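Every read-out reported here was derived from the displayed coordinates using simple, explicitly stated rules and does not represent laboratory data. Values in this document were obtained by computation on a predicted structure and should not be read as measured data. Note: ideal-geometry Cβ built from the backbone for every residue, glycine included; neighbour counts use all protein chains shown.
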C-alpha cells in the first residue's frame, strides 16, 4: 500500500517538474524560431499545461486501461472548473475578459457536449478521435489567425536579441528532459493508480476521476492560484478554459487514435460523469456570463459542487 502511494506521489512530482521544464524549453525554442509570445502562449503553453493529462491518458490507453484514460480527461475537466476555478476565486475575485466570456467559454461547453455525444454509444472510436483532432487543428488555426491580426493592429513588437547557440541547445535539452520526465511520471502514476485500485477494491474509473485527475491538474492549479495571488486574474480563468479545450481535443483525440482498442465508457460514466462535466461547463458559463468578476461566493459554490461530486463517487 505505502509503496503504491510512493509511486503515485513520485509520478505526480515527475509530471509537474516535466511539464514545467517542457513549457520553459518549448517557449525558448519558440522565441528562437521567431514565434511571437502571443502565438506561443496560445499554442505551446496550452499544450504544456495539459501535458500531464496527455502523457497519462496515452500511457493508460496503450496499456489497455481505457476507463482510466477516459476518467482522467473527464475528471480533469471537472476538477479544473470546480476545484481550480473555485479555489482561485476564493483567493481573489477573478476578472473575466470579454473575449473569454463571449467565445472561449462557449467553445469549452460545446466540446463538453460533443464529448458526451460521441461517447453516448458506449465509447470513442478511432473516427471520433480523428474528428476531435480535426476540430483541434481548426481551433488552433483560428487562434493563430486572430493573434496575427491583433499583432498587426498593435504594431510590430520590439526587436529581440537573437539567442545564442548555447541558449538554443539548453532550451532543446530542457524540452527533451521535460518530455522524458513526463513519460516516466505518467508510467509511475498509471502503474500506481491501477495497483491502488486493486488494493482498495475500487474501479479504475474512480481512481482516474479522483487521484489521477487531481494529480494531473496540479500544474493548472498552481498556475491559476499563483496568477491570482500575483494579480494576473485573467490568466487564471483563461488557463482553466484553455486546458479543458485541449484536454478534449488534443488529449482525448490523440489517445483515441493511438489506442489499440476502442475506448469504452462505462454506464456510470455516461449516467454521472459526463452529465456532471456538462453541468460544470454550464456553471462556468454562468459565472463567466459577461465581462465581470467571479466573486468569492461563486468560487465557494463551484468548490462545494466539486466536493459534493467527490462524495457521490464514494457512495
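Extension gain residue 126-residue 146, at 0.36 nm per residue separation less the Cα-Cα distance, in nm? Numbers along the way, then the final one.
Values: separation 20, 0.36 × 20 = 7.20 nm, distance 3.03 nm.
Additional length available on full extension: 4.2 nm.
Given R₀ = 22 Å, FRET efficiency for residue 184-residue 3 by Cβ-Cβ distance, to 0.05? Display every interim value, and only then the final one.
Values: r = 17 Å, r/R0 = 0.77.
Once the sixth-power term is evaluated, E becomes 0.85.
Listing 2, 21, 116, 286 from the residue with the fewest other Cβ atoms within 10 Å to the one with the most, what is the order? Before the final figure, lay out the partial values.
Details: 2 6, 21 21, 116 18, 286 13.
Ascending number of Cβ neighbours within 10 Å: 2, 286, 116, 21.
Can you give the percent of C-alpha pairs in the chain whose distance is more than 26 Å?
Details: 22174 of 49455 pairs.
Across the chain, Cα pairs with separations above 26 Å total 45 percent.
At 7 Å along Cα-to-Cβ for each site, give me the label-to-label distance between residue 307 and residue 258 in nm.
Spacing of the two 7 Å Cα→Cβ label points: 3.6 nm.
Given R₀ = 25 Å, what would the calculated FRET efficiency be for residue 137 paired with residue 117, taking r from the Cβ atoms and rounding to 0.05?
So the FRET efficiency works out to roughly 0.80.
Rounded to the nearest 500, what is the chain's calculated 222 nm mean residue ellipticity when only DSSP H runs of at least 4 contribute -39500 (n - 2.57) each, over all residues? If you can, show how the numbers build up before the last one.
Numbers: 16 runs with 224 residues, N = 315.
Dividing the helical sum by the residues of the chain leaves -23000 deg cm²/dmol.
Within a 10 angstrom radius of the beta carbon, how do 73, 312, 17 rank from fewest other beta carbons to most? Before the final figure, lay out the partial values.
Working: 73 28, 312 10, 17 16.
Sorted ascending by nearby Cβ count, the order is 312, 17, 73.
Assuming R0 = 30 Å, what is the FRET efficiency of residue 164 and residue 17, from their Cβ-Cβ distance, to the nearest 0.05? Write down the numbers at each step before the final one.
Values: r = 26 Å, r/R0 = 0.85.
Once the sixth-power term is evaluated, E becomes 0.75.
Label points 7 Å out from Cα along the Cβ direction at residue 63 and residue 106: separation in nm?
4.2 nm
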